[in-house]
Amino acid sequence: MTSVAIVTGASSGIGAATARRLAAEGFHVLAAARRAERLADLVAEITAAGGQATAVTCDITSDESVATLAEAAAQAPGPVTLLVNNAGGARGLDPVESGSVADWQWMYDINVLGTLRVIQALLPALEASGSGTIVVVSSTAGLTVYEGGGGYTAAKHAQTAIAGTLRLELCGRPLRVIEIDPGMVKTDEFGLVRFEGDAERAAAVYAGVPGPLVAEDVADCIAWCATRPEHVNIDRLVVRPRAQAAQHKVHRVSQ
């Protein structure tokens with residue numbers, strides 16, 4: 001039977017790239033996100049390329065919506081062997097002393113509690129497959145902090161803690177937990193969401209950076225980790241562009 005992979009945040013960026021890549025690897029992909037029209041376009045694209053995918057409209061900040069995702073998984077055409085917790089995001093770049101509590105709340109709910117909801121809902125299906133893989137897409141922001149990133153780094157540190165704790169708790173069961181921590185990734189929407197649609201501020205983040213990562217680079221890492229032999233667990237994979245030596249050290253070429 002065809003193995004089923006579930007990808008959250010699949011309507012754009014890393015999630016959409018991961019859905020395409022996993023379909024190419026032979027998975028039937030349940031592509032989950034809030035925007036139904038985008039999911040429909042993605043599924044049509046995957047199907048036209050010879051892959052298999054199903055769209056599942058899902059808001060990971062809602063218990064009821066995540067329950068619907070679990071129901072869709074139960075009706076999938078094969079065992080659920082892979083979950084990619086990709087949905088997340090950042091808002092604002094304000095210092096802690098003036099940061100928006102609402103922005104912090106949103107980041108915690110989508111990055112941390114959203115990951116928790118989805119894992120709890122789908123863990124039984126993953127375990128029942130006999131060889132389940134949980135991928136948590138966190139960030140290098142989950143490993144170190146930077147000015148203006150207090151809310152986002154706090155959320156990503158918490159998400160990283162979930163991955164590490166879960167791996168300890170599941171030891172001895174047919175499940176593995178993989179954490180992917182991308183650095184600078186240039187996608188269509190991450191910066192726009194962070195800066196409330198300000199395209200100029202979003203573009204400035206990548207200005208002069210030769211070869212920032214793109215969504216397909218991260219999808220490649222996810223696919224490689226998830227398709228290792230089942231006894232192999234890639235605990236953590238940190239991936240940055242060559243131009244980014246650290247969170248605070250980025251090579252830029254004069255424009």
remark   = Ordering V4, V250, V193 by the accessible surface of their heavy atoms, 1.4 Å probe, largest first, yields V193, V250, V4
Cα shape, the chain, gyration tensor, a/c 1.5 rule = prolate
note = Under a 1.4 Å probe, counting only protein heavy atoms, R240 has an accessible area in Å², nearest 10, of 80
task = Name the residue farthest towards the positive end of the dipole of the chain from the options N111, T187, A73, assuming +1 on Cβ of Lys and Arg, -1 on Cβ of Asp and Glu, about the Cα centre.
result = T187
ask   = In the range 1-146, with Lys and Arg counted as +1 and Asp and Glu as -1 at Cβ, which of these residues, G142, G132, L93, has the Cα nearest the positive end of the dipole, that is, farthest along it?
value = G132
query = Just E64, E169, E196 to compare: in a GNM of the chain, with alpha carbon springs under 10 Å, which one fluctuates most?
reply = E169
Linear extension gain, Q105 paired with A245, 0.36 nm per residue minus alpha-carbon span = 47.4 nm
query = How much of S129 can a 1.4 Å solvent probe reach, expressed as accessible area in Å² and rounded to 10?
reply = 40
inquiry  = If you average the C-alpha positions of the range 1-21 and of the range 69-138 separately, how far apart do those two centres end up, in angstrom?
reply    = 13
note = With Cα springs under 10 Å, the Gaussian network model of the chain assigns the largest mean-square fluctuation among G78, G132, G89 to G78
inquiry  = Pick from A226, A161, A48 the residue whose mean-square fluctuation is largest in a GNM of the chain, springs joining Cα atoms under 10 Å.
reply    = A48
query = In the range 114-235, carbon and sulfur make up what percent of the accessible area (probe 1.4 Å)?
reply = 56
remark   = Taking a probe of 1.4 Å and leaving out DNA, RNA and ligands, the range 1-116 shows per residue an accessible area in Å² of 44
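The values are calculated or read from the model by the stated rules, or taken from the named source; none is laboratory data. All values reported here derive from a predicted model rather than from experimental measurement. Every residue, glycine as well, gets a Cβ built from its backbone with ideal geometry; the counts of neighbours run over all protein chains shown. Each accessible area value is taken on the protein alone, full model and side chains, heavy atoms only, with ligands, DNA and RNA left out. Shrake-Rupley method; radii C 1.70, N 1.55, O 1.52, S 1.80 Å.
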